[in-house]
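The values are calculated or read from the model by the stated rules, or taken from the named source; none is laboratory data. Model, not experiment: these values are computed from the prediction. Every residue, glycine as well, gets a Cβ built from its backbone with ideal geometry; the counts of neighbours run over all protein chains shown.
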């Protein structure tokens, strides 16, 4: 088997599938769910597990083939064997006694998040739910939090978010670097590990079959015992049929949809009928993709918790969100919780600022669709029913507000208002756009000026 996963992920950042290869679902319930997905616009994504105690990138340091970029800032000995053992033993000290799912849900709701993407299991194999198929879990006896009030973290978290009308996406790594049947001992690769299995599945079909059964059991467990799951979000795109690592995911999802009708499946980077939406990572496409998509972008510098991390400002995140929504996508903004179970104060400040803006201007974001010309210079466009929104974005607070604005919108116009108020503005319709004059300039520079263009 070729190590083709190098084409899938580079330094932990995944590539994304080509929109031209997208396959629209033929299940009407899945199509309806996709419309729901495209209405939501903003997700709170969370990478959390025992690795948060070290403040390092999640899982990747276990892979020797990824050592060059993932093991920075760590005092490693040559083989990394001792550290890998220490990493795998982090479950024995993971004790998030300040975790309060209701508080997390309140923060997410205040931020304007419409769905949660939570890491139920990353590549390291540690499970954040009470799985019966592994002892390497938050409720395992060797984890000090197994007697905690909210020990079955996924269960309590999903319930708290649902109470606030927030959808649920379960992140699940198709790779598992802890289970015996993936990084199995006694094969030619030896101790030097990469992100794939330690053996060639085609040469050891019985070993691989055990892993497939294990994976299927865990996926069905999450989808069958934790209430409504809106999205199954699958990472580790190198685990796929084309790489010789077929886990029969399509069959599993078809079975789950018998009791979770319409559930979306994001089999990211793989393509085909079970990648219901495309997932750019740490980037925004230059143009609208014409298919459902979602950019997952970190609020700080890392997906997992990092000590002394620096967080994007509300202005930066809203500018990101508007750019993405104008191109027809969703933003999954990622926050790494602290090892004690709290959300970092810096992250909370930004989330609150996001929510404050969205409560005023969310009508230009939620439930909208793309509107040509999408984005020109610092003006982005969205539309909803008979209204077009033009969002004049200001990337920093020192920008001088112009008194006159040219809006390159060529459609029919009845009147123009400032969103968030009933204030009408004077405009002049010209070829290929609108000229708006006499705007207030004696204000602190807002994140955006949002114009409601109502058709005749």
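Counting only residues that are touching a helix residue (DSSP H, G or I) at 6+ places or on another chain (Cβ under 9 Å), surrounded by 14 or more Cβ atoms within 10 Å (Cβ to Cβ) and in a helix (DSSP H, G or I), the stretch 213-245 holds 8 of them. Candidates 75, 39: the one that is exposed (fewer than 13 other Cβ atoms within 10 Å of the Cβ) and either modelled with pLDDT of 90 or more or part of a loop (DSSP other than H, G, I, E, B) (or both) is 75.
Which one is surrounded by the most Cβ atoms within 10 Å (Cβ to Cβ) among residues in the stretch 121-136 that are closer than 16 Å to residue 170 by Cα and without any contact (Cβ under 8 Å) to a residue 60 or more places away in the chain? Out of the qualifying residues, it is 125. In a residue-by-residue description of the stretch 400-413, the property of being over 15 Å from residue 383 (Cα atoms) and crowded, with 18+ Cβ neighbours inside 10 Å applies to at least one position. Would a scan of the stretch 43-54 turn up a residue that is assigned to a helix (DSSP H, G or I) and surrounded by fewer than 21 Cβ atoms within 10 Å (Cβ to Cβ)? Yes, there is a match, as at least one residue in the stretch 43-54 is assigned to a helix (DSSP H, G or I) and surrounded by fewer than 21 Cβ atoms within 10 Å (Cβ to Cβ). Name the residues in the stretch 97-151 that are assigned to a helix (DSSP H, G or I), under 29 Å from residue 40 (Cβ atoms) and in contact with a strand residue (DSSP E or B) (Cβ under 9 Å, 6 or more places away or on another chain), would you? Once the filter is applied, which keeps residues that are assigned to a helix (DSSP H, G or I), under 29 Å from residue 40 (Cβ atoms) and in contact with a strand residue (DSSP E or B) (Cβ under 9 Å, 6 or more places away or on another chain), the stretch 97-151 yields 104, 105, 107, 108, 111. Of all residues in the stretch 55-67, exactly one satisfies the criterion of being touching a residue at least 24 places away in the same chain (Cβ under 8 Å), over 14 Å from residue 124 (Cα atoms) and assigned to a helix (DSSP H, G or I), namely 65. Pairing each residue of the stretch 359-381 that is farther than 16 Å from residue 318 by Cα and assigned by TED's automatic domain parsing to the domain that holds residue 37 with any residue that is at pLDDT below 95 and crowded, with 19+ Cβ neighbours inside 10 Å, provided the two are 6+ apart or on different chains, yields no C-beta distance under 6 Å.
Results for (1) touching a helix residue (DSSP H, G or I) at 6+ places or on another chain (Cβ under 6 Å); (2) farther than 23 Å from residue 53 by Cβ, shown as yes or no for each residue.
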{"position": "325", "(1), (2)": "no, yes"}
{"position": "328", "(1), (2)": "no, yes"}
{"position": "334", "(1), (2)": "no, no"}
{"position": "339", "(1), (2)": "yes, no"}
{"position": "346", "(1), (2)": "no, no"}
{"position": "350", "(1), (2)": "yes, yes"}
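Among residues that are free of Cβ contacts under 8 Å to residues at least 60 places away in the same chain, surrounded by fewer than 20 Cβ atoms within 10 Å (Cβ to Cβ) and either touching a strand residue (DSSP E or B) at 6+ places or on another chain (Cβ under 7 Å) or assigned by TED's automatic domain parsing to the domain that holds residue 25 (or both), residue 255 is included.
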